[in-house]
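The structure under discussion appears below in the form of structure tokens.
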2 protein chains.
Amino acid sequence: MPEFNAPLRDMRFVLHEVFQGPAQWARLPALAATVDGETADAILEEAAKITGQLIAPLNRSGDEQGVGFEAGQVTTPEGFKDAWRTYREGGWVGLAGNPEHGGMGMPKMLAVQFEEMLYAANCSFSLYSALSAGCCLAIDAHASDSLRALYLPRLYSGEWAGTMCLTEPHAGTDLGIIRSKAEPLVDGSYAISGTKIFITGGDQDLTENIIHLVLARLPDAPAGPKGISLFLVPKRVVNDDGSLGVDNAVSCGSVEHKMGIKASATCVMNFDGAVGYLVGEPNRGLAAMFTMMNYERLSIGIQGIGCAEASYQSAAAYARDRLQSRAATGAQAKDRIADPIIVHADVRRMLLTMRALTEGGRAFATYVGQQLDIAKYAEDAGEREAAQRLVALLTPVAKAFFTDTGLESCVLGQQVFGGHGYIREWGQEQLVRDVRIAQIYEGTNGIQALDLLGRKVVADGGQSLALLASEIRTFCESEPPYAARLLEALERLESTTQWLREQAGVDANAVGAASVEYLHLFGYVAYAYMWSRMAAVAKARHADEPEFYEAKLATAAFYFARLLPRTLSLQAGIQAGSASLYQLDAEHF
Amino acid sequence: MPEFNAPLRDMRFVLHEVFQGPAQWARLPALAATVDGETADAILEEAAKITGQLIAPLNRSGDEQGVGFEAGQVTTPEGFKDAWRTYREGGWVGLAGNPEHGGMGMPKMLAVQFEEMLYAANCSFSLYSALSAGCCLAIDAHASDSLRALYLPRLYSGEWAGTMCLTEPHAGTDLGIIRSKAEPLVDGSYAISGTKIFITGGDQDLTENIIHLVLARLPDAPAGPKGISLFLVPKRVVNDDGSLGVDNAVSCGSVEHKMGIKASATCVMNFDGAVGYLVGEPNRGLAAMFTMMNYERLSIGIQGIGCAEASYQSAAAYARDRLQSRAATGAQAKDRIADPIIVHADVRRMLLTMRALTEGGRAFATYVGQQLDIAKYAEDAGEREAAQRLVALLTPVAKAFFTDTGLESCVLGQQVFGGHGYIREWGQEQLVRDVRIAQIYEGTNGIQALDLLGRKVVADGGQSLALLASEIRTFCESEPPYAARLLEALERLESTTQWLREQAGVDANAVGAASVEYLHLFGYVAYAYMWSRMAAVAKARHADEPEFYEAKLATAAFYFARLLPRTLSLQAGIQAGSASLYQLDAEHF
């Protein structure tokens, strides 16, 4: 059974040394009173304990057992209920929540590191919490004061949990065509009817109530995405004093049998005139939901990093331990039957690829978290706005690039084990199965790529990208390691962007034809920025802790030598254009 | 439930039109009497029926049920025994087997197409047959006349099945360190003792006997790979008259729980002084085993193509059917709620990537099959030798590139389905799980890459590659479509090869550092050759069947525009060298 140990030193490196979180918190009044560097470290250490000792041990058994479903009631695997109790009592659901309603008000850049640990320990368990936290965010941002006061404290405390009910059997990506209905009732509430599918945590036995955020149409709402409203629908009706009333007309029809995340209940939910409450403005539900979805997108991205980290830890330990064949340069462990496989170049290539992608992703996630904190807490409106632009630009990259490279990493981690990676015993195959969903849910990675290139780059006139480029160029003025290669990669991204913006004006398919490769090109350039920043710190501090910083410099060297060249093919593929995608008629596929 | 329909028209295209199999058979005396184009087509049509109607329907239920194991006996899932009976009665196990002992003697280029159908229909079922066929090949090539006469007919007929017993708990890739022993007995047989793991079909309930080919050491054998011998060890002892005698001291200790191929029994096999018979020369067992392993490597490569084809068929059908959002160029299906997702550029990108890789792989597998036929049946020794060189060069490419791109294709096929791809119902997730093993077993793809670059290119002085390059250049003289891009890609492969051959002289890690990327570079160039050949035929015959050939031309256009550029990054990554792989000490991973 693999163990998971949160990479605390690496996390502190990113949080304190690369992005200087504590210094930023000190200058943002809302955070200054809440957190400092020491508090953050204490929280991460506590998080490492709870994820490593309480939650990770339930990962394999949860996968074997899966969720149960009988008489309309989901049961989570053995141990989940007890673990949830301890978890919620620690206040982890509300870690970054609004303190006015019982959240801990911690910065997002800290929360993303916690989330990474959580996903690394146990994806299925994490989801019950992640959906709740996102649900709170949407309620906090859009619901009335009375709904916020009634629901947020119990959600932050983990007594209740939240869900996100968007997808219907005929409507996944295309939410504009959903059919669920909301009929106004005399008391100002609504009767919600419809069927939702793929609802994570739609039912479970961890919490005494479940709060569904449901997209539905009001009577006479305009067709399409501008006729969708958002409703809060509790599993059990909540009385004004916060006590629980009758069961609402919400039921779980079935649970899906899936490739992975088997301990996460993926439910078909039926709403049969269930009582619901409008959240935000009528017909503005999609915009309100996007508050939650953007949160979840970053979170799900982090699932990719967490799984990759867990896979890396097992694979590196195995590679140091497993004896097989001799090093190409001659026997290293002469007293043993063979050398540990970590001597072999191709095993190192696999492990270093995982390291470079995972650590690059961790830095990038923390960076996006930092921008989220600035967007939320900065006193200067211009600073807030610039950070918000970066967040909007970088969120789809984070979601899709973390998870695409997360699958790549987990597949490599499995490959390091040879045949032992394919059997269940070592846990590597579960990570591949569990991470795979992250490329699909919360908007497929193809949709993220369209959002990035279509909305955040082309429709935006390239202004947000210019912000990032300007930041990178300013950073490069300090002559950090790999500045020249970073700038070269940035120019490749910019010239490809320019080419695409021109194409988009004359070819309606240009964006869709290029989007996934463009997102990857963007991701590799963003990671080059991260690795240059990390290498700069490692170089400056080298003498303080030579072995630690040496490892950072070695991984940076690998990234620039072996992974950044992937941008060459991506650019060439993109610039081949859309024509070859439309040469074949649909019926001849 | 997805249906599988063997792509007969595409297979005929490759077999008859691109590689002119029947013309070749006519000029090889051993084949001329056995097969012609009509016979081949009839066989493929029959194969399409048995795989589509008999074997594919057991794929999902076999995965759900898995193999049973009780009291040392494996039971295959429901339906497997009946299907095996029909399958073996059709003579399919011995399709390309030696007619002297009951095989059908069909050409390999036909057999590879049959194997593709079989894997596409049901990977687990296929393995029981594939291991038997490979086992026969090794027995036919290396065993004594009496062993051949006694065992081959029942193996070809499928009354018995064969296995390959190599791996031990401490010895996978590194077979030189195996510990299983063979003690000579007075009657000339041997007592075999040891534990073997990951034995596909080590036990099953399909056949009345199981014939294990086992690697073991004779007393006083030299250490390492030159002290290994090959033994034939039946589950039940076979009397001289062919009747079955007592149970041999062979037992199945357990079966593995795996990510996929769940209906294939992966066994721990214990040999406790079991009676065995030497196959080939003492201490030359690895060489003899390689007869089987090379066969299995091509076969397992074809598993990658088969899974990709099955995934493609489902994904293309789903993409034509699923309605979601509108085309970027404006609504296409105005009377419906949304357009079929096949209108979207990114969906087309995924499907065309699958098509281009799968059809490129099918052509390449058939090409390798053709070379195998020439190597075996040509009258001219020089022709045989040249073909054998190509086979040796191309087999590792086939095994690893088919399966790496097979995983990529199945992941794309799953992605086309969105959330529906992650649940079991649609079968796409099973294909991802089933195809994943093919990158691992029969020598991991990393080992294939070392074999290619280290042995077949560098140690070979580049002579075999020069043979292939010369063939490609000769072909290009006919000015086929994409000749210029094919030659450019070939030159990229050649210059990278030249650079690596120089590096290998001064850097012992050069080969291992580059091998996987080199194999991929080789694979993309090989597929460019295949696509140029296919496009040449499609262009010439366009008027005969415009829709069919148009699809070939469109897919070729996509391959050259969007996939071949991957060679740019591969070259750049390779030429970054090995240094960055060894900057980090083993203990700091």
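Of all residues in the range A:396-423, those that are under 13 Å from B:M259 (Cβ atoms) and free of Cβ contacts under 8 Å to residues at least 60 places away in the same chain total 5.
Out of B:Y367, B:Y422, B:Y377, I need the residue that is touching a strand residue (DSSP E or B) at 6+ places or on another chain (Cβ under 6 Å) and aromatic (F, W, Y). Which one? The conditions single out B:Y422.
Answer yes if at least one residue in the range B:430-444 is farther than 28 Å from B:L58 by Cβ, touching a helix residue (DSSP H, G or I) at 6+ places or on another chain (Cβ under 7 Å) and not basic (K, R), and no otherwise. Within the range B:430-444 (the criterion being farther than 28 Å from B:L58 by Cβ, touching a helix residue (DSSP H, G or I) at 6+ places or on another chain (Cβ under 7 Å) and not basic (K, R)), the answer is yes, since at least one residue qualifies.
Every condition in (1) closer than 27 Å to A:L581 by Cβ; (2) away from every other protein chain (no Cβ under 14 Å); (3) of a type outside the set (G, A, S) is met by A:I472 except one, and the failing one is (1).
With the structure loaded, tell me whether B:V432 is closer than 17 Å to B:M259 by Cα, within 12 Å of chain A (Cβ to nearest Cβ) and either of a type in the set (A, V, I, L, M) or out of contact with any Pro (no Cβ under 6 Å at 6 or more places or on another chain) (or both) or whether it fails that test. Yes: the conditions hold for B:V432. Only one of the listed residues (A:N283, A:N294, A:N270) is part of a loop (DSSP other than H, G, I, E, B) and either open to solvent by 10 Å² or more (accessible area, probe 1.4 Å) or more than 14 Å from chain B (Cβ to nearest Cβ) (or both). That residue is A:N283. Only residues that are more than 17 Å from B:N5 (Cβ to Cβ) and part of a helix (DSSP H, G or I) were counted across the range B:299-339, and they come to 6.
Among residues belonging to the range A:143-171 that are more than 14 Å from chain B (Cβ to nearest Cβ) and among the hydroxyl-bearing types (S, T, Y), point out the one that is nearest to the chain's Cα centre (by Cα).
A:T163
Within the option set B:E479, B:E488, being within 14 Å of chain A (Cβ to nearest Cβ) and more than 21 Å from B:K456 (Cα to Cα) holds for one residue only, B:E488.
Inspection of the range B:120-127 identifies no residue that is without any contact (Cβ under 8 Å) to a residue 60 or more places away in the chain and in contact with a strand residue (DSSP E or B) (Cβ under 9 Å, 6 or more places away or on another chain). What single numbered condition from (1) crowded, with 23+ Cβ neighbours inside 10 Å; (2) under 23 Å from the mean Cα position of the chain (by Cα) fails to hold for A:D174? Tallying (1) crowded, with 23+ Cβ neighbours inside 10 Å; (2) under 23 Å from the mean Cα position of the chain (by Cα), A:D174 fails exactly one: (1). Considering the conditions (1) over 28 Å from A:M293 (Cα atoms); (2) among the charged types (D, E, K, R); (3) touching a His at 6+ places or on another chain (Cβ under 8 Å), A:E479 is excluded by exactly one of them, (3).
Checked against the criterion of being more than 19 Å from B:P565 (Cα to Cα), at pLDDT 95 or above, within 12 Å of chain B (Cβ to nearest Cβ) and not in a helix (DSSP H, G or I), the range A:569-579 contains not a single residue that satisfies it. Among the residues of the range B:135-142, are any open to solvent by less than 40 Å² (accessible area, probe 1.4 Å), over 24 Å from the mean Cα position of the chain (by Cα) and not charged (D, E, K, R)? No, every residue in the range B:135-142 fails to be open to solvent by less than 40 Å² (accessible area, probe 1.4 Å), over 24 Å from the mean Cα position of the chain (by Cα) and not charged (D, E, K, R).
Got a sec? Which of B:M350, B:M354 is over 22 Å from the mean Cα position of the chain (by Cα), in a helix (DSSP H, G or I), within 14 Å of chain A (Cβ to nearest Cβ) and under 27 Å from A:E517 (Cα atoms)? Testing whether each residue is over 22 Å from the mean Cα position of the chain (by Cα), in a helix (DSSP H, G or I), within 14 Å of chain A (Cβ to nearest Cβ) and under 27 Å from A:E517 (Cα atoms) leaves just B:M350. Filter the range B:25-82 down to residues that are open to solvent by 20 Å² or more (accessible area, probe 1.4 Å), closer than 20 Å to B:A6 by Cβ and hydroxyl-bearing (S, T, Y), then give me how many there are. Qualifying residue count, the range B:25-82: 1.
Take the conditions (1) within 12 Å of chain A (Cβ to nearest Cβ); (2) closer than 25 Å to A:Q583 by Cα; (3) among the hydrophobic types (A, V, I, L, M, F, W, C); (4) touching a residue at least 24 places away in the same chain (Cβ under 8 Å); B:M530 misses just one of them, which is (1). For the range B:396-404, state whether one or more residues are aromatic (F, W, Y), open to solvent by less than 30 Å² (accessible area, probe 1.4 Å) and either touching a Pro at 6+ places or on another chain (Cβ under 6 Å) or assigned to a loop (DSSP other than H, G, I, E, B) (or both). No, that holds for no residue. Evaluate the range B:231-254: report whether one residue or more is modelled with pLDDT of 95 or more, assigned to a strand (DSSP E or B) and farther than 29 Å from B:E70 by Cα. Looking through the range B:231-254, none of the residues is modelled with pLDDT of 95 or more, assigned to a strand (DSSP E or B) and farther than 29 Å from B:E70 by Cα.
When residues in the range B:534-568 are screened for being over 12 Å from B:R355 (Cβ atoms) and of a type in the set (S, T, N, Q), 1 of them pass. Listed by position, the strands (runs of 3 or more DSSP E) inside the range B:156-209 whose residues that are of a type in the set (S, T, Y) number at least 2 are B:190-200. Of the residues in the range B:236-257, at least one is within 14 Å of chain A (Cβ to nearest Cβ) and within 20 Å of B:G427 (Cα to Cα). Look through the range B:311-323, keep the residues that are out of contact with any Lys or Arg (no Cβ under 9 Å at 6 or more places or on another chain) and open to solvent by 10 Å² or more (accessible area, probe 1.4 Å), and return whichever of them is nearest to the other protein chains (Cβ to nearest Cβ). Among them, the one singled out is B:R320.
Of the residues making up the range B:155-202, those that are in contact with a Leu (Cβ under 7 Å, 6 or more places away or on another chain) and either among the β-branched types (V, I, T) or within 15 Å of B:M293 (Cα to Cα) (or both) are B:G162, B:T163, B:M164, B:C165, B:L166, B:L175, B:I178, B:T200.
Looking at the range A:511-522, which of the residues that are within 14 Å of chain B (Cβ to nearest Cβ) and open to solvent by less than 10 Å² (accessible area, probe 1.4 Å) is farthest from the chain's Cα centre (by Cα)? Restricting to residues being within 14 Å of chain B (Cβ to nearest Cβ) and open to solvent by less than 10 Å² (accessible area, probe 1.4 Å), the top hit is A:A513. Can you name the number of the only condition in (1) free of Cβ contacts under 8 Å to residues at least 12 places away in the same chain; (2) assigned to a helix (DSSP H, G or I) that A:F522 fails? All conditions pass for A:F522, except number (1). Looking at the structure I just gave you, is A:T329 more than 10 Å from every other protein chain (Cβ to nearest Cβ) and either open to solvent by 10 Å² or more (accessible area, probe 1.4 Å) or in contact (Cβ under 8 Å) with a residue 40 or more places away in the chain (or both)? Taking the combined requirement at face value, the residue does not satisfy it. Of all residues in the range B:548-565, those that are within 16 Å of A:F589 (Cβ to Cβ) and more than 8 Å from chain A (Cβ to nearest Cβ) have Cβ atoms under 7 Å from Cβ atoms of residues that are open to solvent by 10 Å² or more (accessible area, probe 1.4 Å) and not in a helix (DSSP H, G or I), 6 or more apart or on another chain, in B:A556/B:P481; B:A556/B:Y482.
The values are calculated or read from the model by the stated rules, or taken from the named source; none is laboratory data. Remember, predicted model here, so these are calculated numbers, not experimental data. A quick note on method: Cβ atoms are made from the backbone with ideal geometry, for glycine too, and the neighbour counts reach across all protein chains shown. Protein only, heavy atoms only, side chains kept; ligands, DNA and RNA dropped before computing areas. Shrake-Rupley method; radii C 1.70, N 1.55, O 1.52, S 1.80 Å.
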